[in-house]
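Have a look at the structure below, then the notes.
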Amino acid sequence: MSDLTLGDYQRYGRQLILDGFGLPAQQKLKNASVVVVGAGGLGCPALQYLAAAGVGRLGIVDHDVVEVSNLQRQVLHNENTANMGMPKAESAALALRKINSTIQLDVHTAQLEPSNARLLLEGYDLILDCTDNAPTRYLLSDVAVALGVPLVSGAALGFDGQLCVYNLGVDGPCYRCLFPVPPTGGAVRSCSEAGVLGVVTGTIGTLQALEAIKILAGLHEGRPTLLLFSALSMPPFRSIKLRARSKTCAACGQDGERKGTIEETDYVQWCGGATPDFEATGL
Amino acid sequence: MSDLTLGDYQRYGRQLILDGFGLPAQQKLKNASVVVVGAGGLGCPALQYLAAAGVGRLGIVDHDVVEVSNLQRQVLHNENTANMGMPKAESAALALRKINSTIQLDVHTAQLEPSNARLLLEGYDLILDCTDNAPTRYLLSDVAVALGVPLVSGAALGFDGQLCVYNLGVDGPCYRCLFPVPPTGGAVRSCSEAGVLGVVTGTIGTLQALEAIKILAGLHEGRPTLLLFSALSMPPFRSIKLRARSKTCAACGQDGERKGTIEETDYVQWCGGATPDFEATGL
Amino acid sequence: MSSDALALKVEFTGGLELLFDNKKKYTVSLPRTTDDAPTNLTHLILWLKDNLLKERPELFVEERTVRPGILVLVNETDWELEGEGDYQLKDGDEIIFISTLHGG
Amino acid sequence: MSSDALALKVEFTGGLELLFDNKKKYTVSLPRTTDDAPTNLTHLILWLKDNLLKERPELFVEERTVRPGILVLVNETDWELEGEGDYQLKDGDEIIFISTLHGG
Ligand SMILES: [Zn+2]
Ligand SMILES: [Zn+2]
């Protein structure tokens, strides 16, 4: 357990004097590690605020390279890294080091797959799902259950966003508890097909950082809820009470009661194959 | 009215294909101007997403210089600009130019005062209040009324945030409609006294950018509401229905019905003098 | 509206509204009983499919329930806590159908 | 709780909770009439000052209303739309006191 340095006291003063946060929470953040999967529209603001707040070790996993069409919402990247086609994980790390050089960054330019997921995600206290497709969301949930860590999951499309913490505490549900059967490919749309407003990913990604900080600092109340965000609706936010962990869940259920197994899941095939051509499916 | 360039089509593709946004909204953003007062915890994320989304002209007004204690939440600044003690307006502009070099930035290292407010804020379609004290909030509201533009006002302290659009449309209230009498100095706390969590300013600042984009793109429904955010409460967000413009408001009321005048307001004195020493007042 | 009818607020989000004439909020009126039993959520789902759904029913219904990936809320609570399809509808209930998002 | 009493949910936010034992949510019970008149919001404010307020009353009350800078909500609506202090309280009402924030 490392203590705060003099520089930490200067940098995190506004959190250290905050009633209900203070030195104990700041020390927990410093000694915590979070891995963020996806350095895109959700991952950028999440990483930004986790780094600024002083989470001691941050992992960044993304296989993609920066393009100019990302800059509308992926605020850690810039025109220079887009022109270079720099990997997003590196581009994000470059920006984070300028904000906070005192934290450790693990940069992984790699696509998360069943074969490497455990290796990439092991050893972190918490996982952030900032990805953009259904197969990876199932894979992340299964790995979070296997590793016994909470999964802060964000999603955004168009004007809408969703936020949920899975596998939290002793009876928080996992993604499969809520959605045991994956949607078919035709039912799933992506940001590159349907578009998305940058502030929507920004709002959800920032709130993912908040959930992570609450959990790491011991301030999370632990009840499973789903936050719905709809930028053009009134009210724009709604909080939904969710079910507890399912005894029969193939991933996190109780031994002897589980229905099915996750071992032979072919995530991509199981979720209806590759991301479909949305225009062609007509929705 | 300038049209989109080929580069704009590439950069803003995710907004251009977004149903309900598209080319008309993107053109409105490109031809719009927003001035952000305060490049701190609220102003940084707000500026970031306004620049990324393609608002054609952004004004930045801040008199302060970057310090290391800002980096916990003021995500456009970095260790280098903090070490140099660069003015925040310049530090923010430096970061924004890397994200989007195609928009115009007006950088004003100046403290907003009654004597310069009109000059600094005139000519913009919309004002963002990202400041941190009561006198400036009254001044901004009065100027927004005088200039006839909407004021997107954010505030944050501790774990709590508030967001409201003032002076919107023909009957949206101004700040004085809600709070005709300013609080006394002892009742007002600031982030440097009470602390603040970075993600709280991040959430409110990002949502200020959303409100601005909705208004500029013609997507705002125009009803006066106050959004309350409380990071540790469940539900964390609540939307409150607010009163309409007050006929008797000293700032925006009807001729002949106004109570009092704003002309001789000494904003700082009127709000109970300088920001008080919070510890000393005992709250 | 007759006292024999249930007035329900129905809402579609997460893209589901595209199947329902791109409209998010509906008020619907259903009889208190369906097939000689108190009207429940399964009845509502089938009624919505037959009466409000404009296109591609396979993106809303699969067999006698919602397709995988859709979450149903009864008065802002996960329907699993309320008995899922067997939940007996009450006058004034607010039912929300959410398609889970995967973008980011 | 007697049927002659009003059960009210009272909440303090924006830092006001610091004056009320650092607790945000209270359930309070008030008589249906106060000073021979139906109990209204002004009565509640004075009752809170006399019964729940722990310190520095000038940061909550000024004369017979809340101090400047505090917004009062009746069931999530600005009290100005409900008659301000004259609003007659109903059983189950939720009253929120918000101190406006100025930080950023
Ligand atoms: Zn499970
Ligand atoms: Zn006014």
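Model label sites at B:Thr102 and A:Asp255, defined 7 Å from Cα along the beta-carbon direction, differ in position by 5.9 nm. Across chain B, the mean sequence separation of Cα contacts (distance under 8 Å, 6 or more residues apart), normalised by length, yields a relative contact order of 18 percent. Near C:Leu6, the amide H atoms lying under 5 Å from its own belong to C:Leu30, C:Arg32; only residues 5 or more places off or on other chains count, and H is placed 1.01 Å from N.
Rounded to the nearest 100, the interface formed by chains C and A buries 2800 square angstrom of accessible surface, both chains summed, with a 1.4 Å probe.
Give the calculated FRET efficiency between B:Thr248 and B:Gln269 to the nearest 0.05, with a Förster radius of 30 Å applied to their Cβ-Cβ distance.
Working: r = 23 Å, r/R0 = 0.77.
After rounding, the FRET efficiency stands at 0.80.
Between their Cα atoms, which of B:Lys241/C:Lys23; B:Lys214/D:Lys24; C:Lys90/D:Lys24; C:Lys23/D:Lys23; B:Lys88/B:Lys241; A:Lys241/C:Lys9 are more than 30 Å away from each other? Mind showing how you got there, number by number?
Values: B:Lys241/C:Lys23 23 Å; B:Lys214/D:Lys24 33 Å; C:Lys90/D:Lys24 33 Å; C:Lys23/D:Lys23 42 Å; B:Lys88/B:Lys241 35 Å; A:Lys241/C:Lys9 19 Å.
Violating the 30 Å Cα-Cα cut-off are B:Lys214/D:Lys24; C:Lys90/D:Lys24; C:Lys23/D:Lys23; B:Lys88/B:Lys241.
Interface burial in segment C:89-104 reaches 10 Å² or more for C:Ile96, C:Ile98, C:Thr100, C:Leu101, C:His102, C:Gly103, C:Gly104, comparing the full protein assembly with the chain by itself; accessible area from heavy atoms with a 1.4 Å probe. Of the residues in segment B:215-254, those shielded by at least 30 Å² of accessible area once partner protein chains are present, compared with the chain alone at a 1.4 Å probe, are B:Leu219, B:Glu221, B:Leu228, B:Ala231, B:Leu232, B:Met234, B:Phe237, B:Arg238, B:Ser239, B:Ile240, B:Lys241, B:Arg243.
Quick one: plug the Kirkwood hydrodynamic radius of segment D:5-99 (C-alpha pairs) into Stokes-Einstein at 25 °C, 0.890 mPa s, and report D in µm²/s.
Numbers: Rh = 13.1 Å.
For these conditions, the coefficient is 187 µm²/s.
Between segment A:82-136 and segment A:36-56, the alpha-carbon centres lie 9 Å apart.
With R₀ set to 25 Å, the beta-carbon distance separating D:Asp21 from A:Lys241 gives a calculated FRET efficiency near 0.35. 3J(HN,Hα) along segment A:127-137: 10, 9, 8, 10, 8, 10, 8, 5, x, 5, 5 Hz, from the Karplus curve 6.51 cos²θ - 1.76 cosθ + 1.60 with θ = phi - 60°, whole Hz, x for Gly and Pro. How far is the Cα center of segment C:7-58 from the Cα center of segment D:27-104, in Å? Segment C:7-58 and segment D:27-104 have Cα centres separated by 42 Å.
Chains B and A together bury roughly 5200 Å² of accessible area, counting both sides, with a 1.4 Å probe on protein heavy atoms only.
Amide H contacts of D:Glu62 (H built 1.01 Å from N, in plane; Pro and chain starts excluded): D:Arg67 sit under 5 Å, all sequence-distant by 5 or more or on other chains. Residues of segment C:80-101 falling in the label zone of C:Asp35, defined by backbone nitrogen less than 14 Å from a point 7 Å along Cα to beta-carbon, are C:85-87.
Note on segment B:71-150: Cα convex hull, mean projected area over all directions, 6.2 nm².
By Cβ position, the chain C residue that hugs the axis carrying C onto D most closely, with its distance in whole Å, is C:Glu76, 7. Whole-percent P(r), chain B, all Cα pairs, 5 Å bins from 0: 1, 6, 12, 16, 19, 18, 14, 8, 4, 2, 0, 0. List, shortest first and in nm to one decimal, how far the label point of A:Gly148 (7 Å from Cα along Cα→Cβ) is from its counterparts in the other copies. Label-point separations across copies, in nm and ascending: 6.7. In segment A:147-179, burial by the other protein chains removes 40 Å² or more of 1.4 Å probe accessible surface, compared with the chain on its own, from A:Phe159, A:Asp160, A:Gln162, A:Phe179. Can you tell me which aspartates and glutamates have their Cα less than 19 Å from the Cα of A:Lys30? Leave out same-chain residues fewer than eight positions away. Once the sequence-local aspartates and glutamates are set aside, what remains near A:Lys30 is A:Asp3, A:Asp8, A:Asp19, A:Asp106, A:Glu122, A:Asp125, A:Glu211, B:Glu79.
What angle do you read, to the nearest 10 degrees and between 0 and 90, between the alpha-carbon axis of helix C:41-51 and the longest principal axis of chain C? The answer is roughly 70 degrees. A simple spin-label model places pseudo-atoms 7 Å from Cα toward Cβ; at A:Asn31 and C:Lys9 they are separated by 4.7 nm.
Using a 7 Å projection from Cα along Cα-to-Cβ, the label point at A:Gly22 is separated from the same position in the remaining copies by 5.6 nm, smallest value first.
Mind checking C:74-82 for the average number of partner chain beta-carbons within 10 Å of each residue's beta-carbon?
On the way: counts 0, 1, 7, 4, 10, 1, 7, 4, 1.
Other-chain Cβ atoms within 10 Å of each residue's Cβ, averaged: 4.
Under a 5 Å amide H cut-off, with hydrogens placed 1.01 Å from N, A:Arg189 pairs with C:His102 among residues at least 5 apart or on other chains. Only helices enter the 222 nm calculation for the protein assembly as shown: every DSSP H run of n ≥ 4 contributes -39,500 (n - 2.57), and dividing by all residues gives -8000 deg cm²/dmol, rounded to 500.
Run the numbers on segment B:157-201 and let me know its relative contact order in percent, using alpha-carbon pairs under 8 Å that are six or more apart.
On the way: 26 pairs, mean separation 31.2, N = 45.
Result for segment B:157-201 is 69 percent.
Here the accessible area is traced with a 1.4 Å probe on the protein chains. For the protein assembly as shown, carbon and sulfur cover 48 percent of it.
Heavy-atom accessible surface of segment D:5-99, averaged per residue, reaches 44 Å², computed with a 1.4 Å probe.
Over segment B:71-126, calculate the relative contact order: mean separation of alpha carbon pairs under 8 Å at least 6 apart, over the residue count, as a percent. Don't jump to the answer; show the numbers that get you there.
Details: 23 pairs, mean separation 14.8, N = 56.
Relative contact order for segment B:71-126 comes out at 26 percent.
Can you work out D for the protein assembly as shown in µm² s⁻¹ from Stokes-Einstein, where Rh is the Kirkwood radius over C-alpha pairs, the temperature is 20 °C and the viscosity is 1.002 mPa s?
On the way: Rh = 27.1 Å.
In µm²/s, the coefficient is 79.
Go ahead and collect, in residue order, the members of segment A:201-230 whose backbone nitrogen is under 19 Å from a label point 7 Å along the Cα-Cβ direction of C:Glu76. From segment A:201-230, the list is A:221-230.
Between copies, A:Gln269 shows label-point distances of 8.1 nm, shortest first, with the point placed 7 angstrom from Cα along Cα to C-beta.
So for segment B:35-146: antiparallel DSSP bridges make up what percent, rounded to the nearest 5?
10 percent
Label positions at D:Val28 and A:Gln111, each projected 7 Å from the Cα along the C-beta direction, are separated by 6.2 nm. Per residue, the accessible area of chain B comes to 35 Å², computed with a 1.4 Å probe over protein heavy atoms only.
The values are calculated or read from the model by the stated rules, or taken from the named source; none is laboratory data. Keep in mind the model is a prediction, meaning the values are calculated, not measured. FYI the Cβ positions are ideal-geometry reconstructions off the backbone, even for glycines, and counts take in every protein chain you see. Each accessible area value is taken on the protein alone, full model and side chains, heavy atoms only, with ligands, DNA and RNA left out. Shrake-Rupley method; radii C 1.70, N 1.55, O 1.52, S 1.80 Å.
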